[in-house]
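Asks: My questions all concern the structure below.
A short reminder: the numbers here are calculations on the coordinates, not readings from a lab. For clarity, every value in this text was computed on a predicted model and none was experimentally measured. As a convention, Cβ positions derive from the backbone with ideal geometry for all residues, glycine included, and neighbour counts pool all protein chains shown.
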Amino acid sequence: MKSVDPKAVEQMFNDVAQSYDLLNDLLSFGLHRIWKKQLLDWLQPSKGERWIDLCCGTGDMSLFLARRVCQEGEVVGVDSALNTLEIARYRANKESNLSITWHHQDALNTGLASSSFDGGVMAYGLRNLSDPVAGLCELRRLLRPGARAGILDFNPLRRGSLGGVFQTFYLRKLVVPISGIFGLHDQYTYLESSIKNFPMGTAQERLAFEAGFTSASHVPIAAGQMALLKLIV
Ligand SMILES: C[S@@+](CC[C@H](N)C(=O)[O-])C[C@H]1O[C@@H](n2cnc3c(N)ncnc32)[C@H](O)[C@@H]1O
């Protein structure tokens, strides 16, 4: 697994922030919301609970979580890119009755209290961390015993497999050219290498056990192109 430069990642997401939601919708044909909801349907966040959304970006998962935990609960969204957090805050302010606080912090060192959350999520974030095991350790540290957590991301597929061929085609022939129209060619070219350097399913499960989770299962979704890493403390 190659290490990524956190400052470069922060700059990249600050640059992408304004177009991020629109590009996400275009490039996934809107399906990213279904995958996010699939993760939440497994996690079952409930009224009154406290949830953490690491690498929250423009706030999709935080908003979904906040609607489920209601005002009696709380969601904390953490991201290192200030521009994405500004958009998240703007989106949240459009809805009343959401209990969300936003933290401009490194997901590897949030400074939040240990064992203070009932559950946690990280969508399309783990792959971007300079040290994914440290990210999983931080997530684990924040959660109370018995808490559940979930990671949603691309499923890195073997080169040469049918799914792998499709993934490469999709990234090179769709993602990069479309993001290029938005002036973000370089930022989205990074996506392919970050997926390639991301551990495959069982390796992700091993990393989660290393980070102290008692249960970890990697479940491919979206015809194998995406995957959920389902975790229990
Ligand atoms: C691909 S976006 C995903 C955003 C959001 N979770 C979603 O699913 O739409 C990845 C996010 O991770 C954030 N990120 C990357 N490294 C981080 C770090 N070390 N600490 C906090 N956030 C980080 C980026 O700033 C970016 O907003």
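Asks: Select from segment 146-175 the residues that are in a helix (DSSP H, G or I) and surrounded by 18 or more Cβ atoms within 10 Å (Cβ to Cβ) and write down the one among them that is farthest from the ligand (Cβ to nearest atom).
Replies: GLN167
Asks: Six or more apart or on different chains, Cβ atoms under 8 Å: show the pairs whose first residue is in segment 20-49 and more than 18 Å from TYR188 (Cα to Cα) and in contact (Cβ under 8 Å) with a residue 24 or more places away in the chain and whose second is among the acidic types (Asp, Glu) and outside any helix (DSSP H, G or I).
Replies: PRO45/ASP118; LYS47/GLU72; GLY48/GLU72; GLU49/ASP118
Asks: Only one of these conditions is not met by ALA208: (1) outside any helix (DSSP H, G or I); (2) touching a residue at least 24 places away in the same chain (Cβ under 8 Å); (3) under 16 Å from the mean Cα position of the chain (by Cα). Which number is it?
Replies: Looking at each condition in turn, ALA208 falls short on (1).
Asks: Out of all the residues in segment 91-99, is one or more part of a helix (DSSP H, G or I), in contact (Cβ under 8 Å) with a residue 24 or more places away in the chain and within 15 Å of the ligand (Cβ to nearest atom)?
Replies: Yes, segment 91-99 has at least one match.
Asks: Quick check on my filter: what residues within segment 5-53 are over 18 Å from GLN225 (Cβ atoms), aliphatic (A, V, I, L, M) and either more than 11 Å from the ligand (Cβ to nearest atom) or more than 16 Å from the chain's Cα centre (by Cα) (or both)?
Replies: Residues satisfying the conditions are ALA8, LEU22, LEU40, LEU43, ILE52.
Asks: OK, next. On the given criteria, is GLU74 touching a residue at least 12 places away in the same chain (Cβ under 8 Å), near the ligand (Cβ under 8 Å from one of its atoms) and out of contact with any helix residue (DSSP H, G or I) (no Cβ under 6 Å at 6 or more places or on another chain)?
Replies: It is false that GLU74 is touching a residue at least 12 places away in the same chain (Cβ under 8 Å), near the ligand (Cβ under 8 Å from one of its atoms) and out of contact with any helix residue (DSSP H, G or I) (no Cβ under 6 Å at 6 or more places or on another chain).
Asks: Which one is farthest from the ligand (Cβ to nearest atom), of the residues in segment 118-145 that are within 13 Å of ARG50 (Cβ to Cβ) and surrounded by 23 or more Cβ atoms within 10 Å (Cβ to Cβ)?
Replies: The extreme case among them is LEU143.
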